[in-house]
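J.: Got a structure for you, questions after.
The values are calculated or read from the model by the stated rules, or taken from the named source; none is laboratory data. Note that the structure is a prediction, hence the values are computed from the model and not measured. Cβ coordinates were reconstructed from backbone atoms using ideal geometry, including for glycine residues, and neighbour counts include every protein chain displayed.
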Amino acid sequence: MDDVLIQPLDKITLRDPILVEGLPGVGNVGKLAADYLREQLGAKPLATIYSKFFPPQVYVGEDGIIRMVSNDLHYFRPTGAGARDLLILGGDYQGISPEGQYEITHRVLEFCHRLGVREVYTLAGFAQGRVIEKPRVLGAATSAARVDAMRKAGVVFSKTDPGGGLIGASGLFLGLGRLFEMEGVCLMGETSGYFVDPRSAEAILRILTKVLGVTIDFTDLETKAKEIDRIAQRIHDAEQKSSESAASPPAASREDLGYIG
């Protein structure tokens, strides 16, 4: 087996396609956003990507059938004159080593370049270590013109965030993309980093869909966000009760002693 194997599932000529990448990461924000976009648009499978740089693992479905872990490319063809096709990259894992990150990214970009991709959007989460009620979307881009355009769309470009730069696929697809004459933007939704974060994914998608000129229904994502909010609140309440109990150990100890015979 090759280090990276890209298995085409369909043969199609795309119209000035744009690549959108969303792989697992902080808060699974990028993956959730890419998966939701794919489902809402009804994107079709284009290629499956297998690699030695993914964990040595297969998934077992509810029906008992196994499948290799993989990344997947889907395509969507909007209607209308001048509409540009979309390629959406999602999957189970990023590469588990630095070498794997570079090799997988380079091979996917090479494949997408042959399909005509010259523009890339990468989606990710930006951990703040606290609960974020109204997440901002932070950005990084390949040119000053891109920064200006995305600022107008509501993206925040900060002098201090992300500190230390972009790590993993969301950064490499932009950096290595320059070798293929691709321009692009990374959209990072603020997140606590503690949970899968649908609210952050929604914030990213509201900007991305506006920029791409596509329309999707956010109802299911909003419902997921409310479910996560309820879980977070229960955990917060439990931690608060635990803290209050720890603050008054003598009374609790005396009560416990009453049960010792």
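J.: Of the residues Ala145, Ala153, which single one is without any contact (Cβ under 8 Å) to a residue 12 or more places away in the chain and more than 16 Å from Asn28 (Cβ to Cβ)? Spell out the reasoning first.
T.: Working: Ala153 fails: without any contact (Cβ under 8 Å) to a residue 12 or more places away in the chain.
On inspection, the qualifying residue turns out to be Ala145.
One line per residue, one yes/no per condition, for (1) among the aliphatic types (A, V, I, L, M); (2) touching a Lys or Arg at 6+ places or on another chain (Cβ under 7 Å):
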{"residue": "His106", "(1), (2)": "no, no"}
{"residue": "Glu119", "(1), (2)": "no, no"}
{"residue": "Val131", "(1), (2)": "yes, no"}
{"residue": "Val137", "(1), (2)": "yes, no"}
{"residue": "Arg151", "(1), (2)": "no, no"}
{"residue": "Ile167", "(1), (2)": "yes, no"}
{"residue": "Gly175", "(1), (2)": "no, no"}
{"residue": "Glu181", "(1), (2)": "no, yes"}
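J.: Might you let me know whether region 54-66 holds any residue that is touching a Pro at 6+ places or on another chain (Cβ under 7 Å) and either within 20 Å of Gly30 (Cα to Cα) or not hydrophobic (A, V, I, L, M, F, W, C) (or both)?
T.: Step one: of region 54-66, the residues touching a Pro at 6+ places or on another chain (Cβ under 7 Å) are none.
Taking every residue of region 54-66 in turn, none turns out to be touching a Pro at 6+ places or on another chain (Cβ under 7 Å) and either within 20 Å of Gly30 (Cα to Cα) or not hydrophobic (A, V, I, L, M, F, W, C) (or both).
J.: Sort out which residues of region 171-192 are under 14 Å from Glu21 (Cα atoms) and among the β-branched types (Val, Ile, Thr), and write them in order of number.
T.: Answer for region 171-192, where residues must be under 14 Å from Glu21 (Cα atoms) and among the β-branched types (Val, Ile, Thr): just Val185.
J.: Taking only region 109-167 into account, find how many residues are under 26 Å from Asp16 (Cβ atoms) and not aromatic (Phe, Trp, Tyr).
T.: Going through region 109-167 one residue at a time, the tally reaches 33.
J.: Of everything in region 61-73 that's modelled with pLDDT of 95 or more and not charged (D, E, K, R), which residue is surrounded by the fewest Cβ atoms within 10 Å (Cβ to Cβ)?
T.: Gly64
Residues are listed down the side, and each one gets a yes or a no for (1) assigned to a loop (DSSP other than H, G, I, E, B); (2) crowded, with 23+ Cβ neighbours inside 10 Å:
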{"position": "Cys112", "(1), (2)": "no, yes"}
{"position": "Gly164", "(1), (2)": "yes, no"}
{"position": "Arg178", "(1), (2)": "no, no"}
{"position": "Gly189", "(1), (2)": "no, yes"}
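Residue-by-condition table, conditions (1) over 27 Å from Arg114 (Cβ atoms); (2) not aliphatic (A, V, I, L, M):
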{"site": "Arg130", "(1), (2)": "yes, yes"}
{"site": "Ala141", "(1), (2)": "no, no"}
{"site": "Ile167", "(1), (2)": "yes, no"}
{"site": "Glu183", "(1), (2)": "no, yes"}
{"site": "Leu221", "(1), (2)": "yes, no"}
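J.: Return a yes/no flag: does region 75-93 have any residue that is over 17 Å from Ile167 (Cα atoms), among the polar types (S, T, N, Q) and either in a loop (DSSP other than H, G, I, E, B) or assigned by TED's automatic domain parsing to the domain that holds Pro24 (or both).
T.: So far as region 75-93 goes, yes, one or more of its residues are over 17 Å from Ile167 (Cα atoms), among the polar types (S, T, N, Q) and either in a loop (DSSP other than H, G, I, E, B) or assigned by TED's automatic domain parsing to the domain that holds Pro24 (or both).
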